[in-house]
Amino acid sequence: MPEAVLQQAAAEMLDWHGSGMSVMEMSHRGKEFISIYEQAEADLRELLAVPAHFKILFMQGGGLAENAIVPLNLSHGGAMDFVLTGSWSQKSLKEASKYGAARVAASAQSDGFTTLPSPASWHIGADSRYVHICGNETIHGVEFHELPDLKALGCDAPLVVDFSSHVASRSVDWSRVGLAFGGAQKNLGPAGLTLVIVREDLIGHALPHCPSAFDYQLVADNQSMYNTPPTYSIYIAGLVFQWLKKQGGIAAMAQRNIAKAQLLYDFLDSSSLYVNKVAKDCRSRMNVPFFLRDESRNEAFLAGAKARNLLQLKGHKSVGGMRASIYNAMPLEGVQALVAYMREFEKTQA
Ligand SMILES: *Cc1c(COP(=O)(O)O)cnc(C)c1O
């Protein structure tokens, strides 16, 4: 979270804009909260340059719930194609298989999820209802730096992108996207809010057993208030959107994220102690997994980092090693401090 946002939220906690209420105490149908919601939606549409024929939905359930909600709305009970590039896309495939024929269009599993299969090699069925990718694999540290152009591959199916862990870190080419979804908790705000941005023509086809609160058409028709939305999370995300605009918008954030990631990857590549195994053309700008060549030093590395307030560096348990998550709110100084510590630790290991 950007510190300025936390400070503003703290200052407004008891009394939002002289309303006599905390945002948590507002009715979601009252004019105060409606103004917060409308501003947040407008700011997000502007920031991400979301075209008018896409709906922006503020939902709940997180990225994992969308793994079910997307097929419930878009599959028509038919076939779906998944590109497996790490843990998150694997989870999406598994969940979708409850709702239709979920197929593997391509997989990078055999190389330990360190590359991206080239779109030209994907096997997409002619009957495909949609093609799913994970834009940024949070655990394996693999990112699409360009979204696939399915039309150029002769495929009319819409592209579904899980952008949970890189939303708002870079621009989105909406001409290539049918639907993008993501939990808010990595780049946009607190947990509890899930963002869905979907092309209008794709909604209105939910399966009969789709829960009403998860039917995109109902959610869209009710301005995301078919049921009570996660009001406080929307408010905080709205403050983050305003913060992003003050930083110069998404293009400026992307430049900053490139500089942060490059600093860390350049150091990793120059080091004889640390290693990142992901192919250079698909390394994530948000999540940088790395290993100590001598894994017996892991605990000492983490303890020294903690002593310098460099926190949450332990890698995900499924891959081990370390992981630096350098989301939008992490300033360049944070990455500089990490690299300085890593360099110092390496010297003590000779
Ligand atoms: C964190 C994450 C999720 C899971 O989100 P939840 O909100 O925990 O359901 C899904 N996809 C990606 C890419 C993620 O990074």
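Before moving on, here are some points about what is shown:
- Within the range 225-238, not a single residue is in a helix (DSSP H, G or I) and exposed (fewer than 13 other Cβ atoms within 10 Å of the Cβ).
- Listed by first and then second residue, the pairs with beta-carbon distance under 9 Å, at least 6 apart or on different chains, first residue in the range 95-121 and surrounded by 12 or more Cβ atoms within 10 Å (Cβ to Cβ), second in a helix (DSSP H, G or I) and of a type in the set (Lys, Arg), are ALA102/LYS94.
- Output for the range 67-94, where each listed residue is surrounded by 24 or more Cβ atoms within 10 Å (Cβ to Cβ), within 25 Å of GLY204 (Cβ to Cβ) and touching a strand residue (DSSP E or B) at 6+ places or on another chain (Cβ under 7 Å): VAL70, PRO71, LEU74, MET80, ASP81, PHE82, SER92
- Given (1) among the charged types (D, E, K, R); (2) touching a helix residue (DSSP H, G or I) at 6+ places or on another chain (Cβ under 7 Å); (3) surrounded by fewer than 24 Cβ atoms within 10 Å (Cβ to Cβ), number of the condition ASP162 does not satisfy: (3)
- Qualifying residue in the range 170-180 (condition: more than 16 Å from the ligand (Cβ to nearest atom), small (Gly, Ala, Ser), assigned to a strand (DSSP E or B) and modelled with pLDDT of 95 or more): no
- Selection from the range 73-88 of residues that are assigned to a loop (DSSP other than H, G, I, E, B), within 16 Å of the ligand (Cβ to nearest atom) and in contact with a Gly (Cβ under 9 Å, 6 or more places away or on another chain): GLY86
- The lone exception for LYS91 - which of (1) assigned to a loop (DSSP other than H, G, I, E, B); (2) within 16 Å of the ligand (Cβ to nearest atom) it fails: (1)
- Among the residues examined, ALA106 qualifies as farther than 30 Å from LEU193 by Cα, in a strand (DSSP E or B) and away from the ligand (no atom under 13 Å from the Cβ).
- Selection count where residues are of a type in the set (A, V, I, L, M, F, W, C) and not in a loop (DSSP other than H, G, I, E, B), scope the range 199-224: 6
- The range 9-67, subset outside any helix (DSSP H, G or I) and of a type in the set (Phe, Trp, Tyr), residue farthest from the ligand (Cβ to nearest atom): PHE54
- Options GLY182, GLY178, GLY192: the member that is among the small types (Gly, Ala, Ser), in contact with a helix residue (DSSP H, G or I) (Cβ under 9 Å, 6 or more places away or on another chain) and within 28 Å of LYS277 (Cα to Cα): GLY182
- Selected residue (only one of ILE124, ILE139, ILE133 is within 11 Å of the ligand (Cβ to nearest atom) and either modelled with pLDDT under 95 or assigned to a loop (DSSP other than H, G, I, E, B) (or both)): ILE139
- Any hit, the range 186-198, residues being part of a helix (DSSP H, G or I), of a type outside the set (D, E, K, R) and surrounded by fewer than 22 Cβ atoms within 10 Å (Cβ to Cβ): no
- Against the test of being in contact with a Cys (Cβ under 6 Å, 6 or more places away or on another chain) and hydrophobic (A, V, I, L, M, F, W, C), the options VAL172, VAL142, VAL167, VAL160 yield a single qualifying residue, VAL142.
The values are calculated or read from the model by the stated rules, or taken from the named source; none is laboratory data. Note that the structure is predicted; figures quoted are calculated from it, not measured. As a convention, Cβ positions derive from the backbone with ideal geometry for all residues, glycine included, and neighbour counts pool all protein chains shown.
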